[in-house]
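Here is the structure we will look at, set down as structure tokens.
The values are calculated or read from the model by the stated rules, or taken from the named source; none is laboratory data. Source: prediction; values computed, not measured. Every residue, glycine among them, receives a Cβ derived from its backbone with ideal geometry; neighbour counts consider all protein chains shown.
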């Protein structure tokens, strides 16, 4: 029997995503009440990091410990993968010793090849194409603060990066409208924009107009640092500041997957302001991923 993987949001049905969100909030409440919940006792998570991380590593490692399991941190310099061993061979070997594996890497094809040769569930901790674990946390955060996201409007300001593409997938799955505001040269692929559910505009105010949540990310993601100066110039009009937030709905919230570059993609007054839920969003990585680990390892 083939294991269940989580490489993009499309690996789940809308109903499964909503179930994960509800379960994440339940697990959050269990932790707040100080109740032990260790259904993964004896299970081991392997974490392969080819890209650095703070939130991904801490949330997965802490989450696995809280569920009663344990975890291993592996970087390229710690494994034969960093010395030229084929991804397929690494997958075959370590999946015979572990119960679940999280991979954080650049090329999405790497995590796909790994999953194709793994005996156990594989989780995408981030690739250049998708960041589905972050989306689970974002969706949980929106639901906790504003209820069902179906029929709502999300404004994305910034590069059409892995987070943007994950929001596109989420909009189709959970039936909300996504407006993407960014310079034309950084726009998403035309086939991803349908003009109805997914709308692209170069006008930041139009993107944010009446939105229920405004989301942004750094302008130069990992791997694009050499383009930082030109991106700074191109994206400056898309900075999320108090003036831009005034175009959103009165009760709009602000989210950012972090780390944030204050004064660049977002101003400090917005990041630290009353509309910001970024700290809840960051914490929810822990709870959403615990729900995901339970789902992958315990669902028949």
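Just a few scattered comments:
- Residue count for the range 80-113 satisfying the condition of being surrounded by 15 or more Cβ atoms within 10 Å (Cβ to Cβ) and assigned to a loop (DSSP other than H, G, I, E, B): 5.
- Any hit, the range 13-27, residues being over 22 Å from residue 299 (Cβ atoms) and either touching a residue at least 12 places away in the same chain (Cβ under 8 Å) or crowded, with 16+ Cβ neighbours inside 10 Å (or both): no
- Residue within the range 217-233 that is crowded, with 23+ Cβ neighbours inside 10 Å and touching a strand residue (DSSP E or B) at 6+ places or on another chain (Cβ under 6 Å) present: no
- The criterion of at least 1 residues that are farther than 23 Å from residue 25 by Cβ and modelled with pLDDT of 95 or more is met by the following helices (runs of 4 or more DSSP H) wholly inside the range 223-300: 228-235, 242-245, 268-271.
- Of the residues making up the range 177-196, those that are in a loop (DSSP other than H, G, I, E, B) and either in contact with a strand residue (DSSP E or B) (Cβ under 6 Å, 6 or more places away or on another chain) or under 23 Å from residue 239 (Cβ atoms) (or both) are 182, 183, 187, 188, 193.
- Yes/no for residue 201 being surrounded by 14 or more Cβ atoms within 10 Å (Cβ to Cβ), free of Cβ contacts under 8 Å to residues at least 40 places away in the same chain and touching a strand residue (DSSP E or B) at 6+ places or on another chain (Cβ under 6 Å): yes
- Restricting 52, 59, 118 to those that are over 17 Å from residue 5 (Cα atoms), touching a helix residue (DSSP H, G or I) at 6+ places or on another chain (Cβ under 6 Å) and either at pLDDT 95 or above or not in a strand (DSSP E or B) (or both) reduces the list to 59.
- Residues of the range 150-164 satisfying the condition of being without any contact (Cβ under 8 Å) to a residue 40 or more places away in the chain and over 22 Å from residue 237 (Cβ atoms): 150, 151
- The range 257-269 - residue that is in contact with a strand residue (DSSP E or B) (Cβ under 6 Å, 6 or more places away or on another chain) and buried (at least 23 other Cβ atoms within 10 Å of the Cβ) and, of those, farthest from residue 242 (Cα to Cα): 265
- Of the residues 291, 242, the single one that is over 25 Å from residue 107 (Cβ atoms) and crowded, with 17+ Cβ neighbours inside 10 Å is 291.
- Taken over the range 32-64, the criterion of being under 11 Å from residue 290 (Cα atoms), surrounded by fewer than 17 Cβ atoms within 10 Å (Cβ to Cβ) and within 23 Å of the chain's Cα centre (by Cα) is satisfied by 62 alone.
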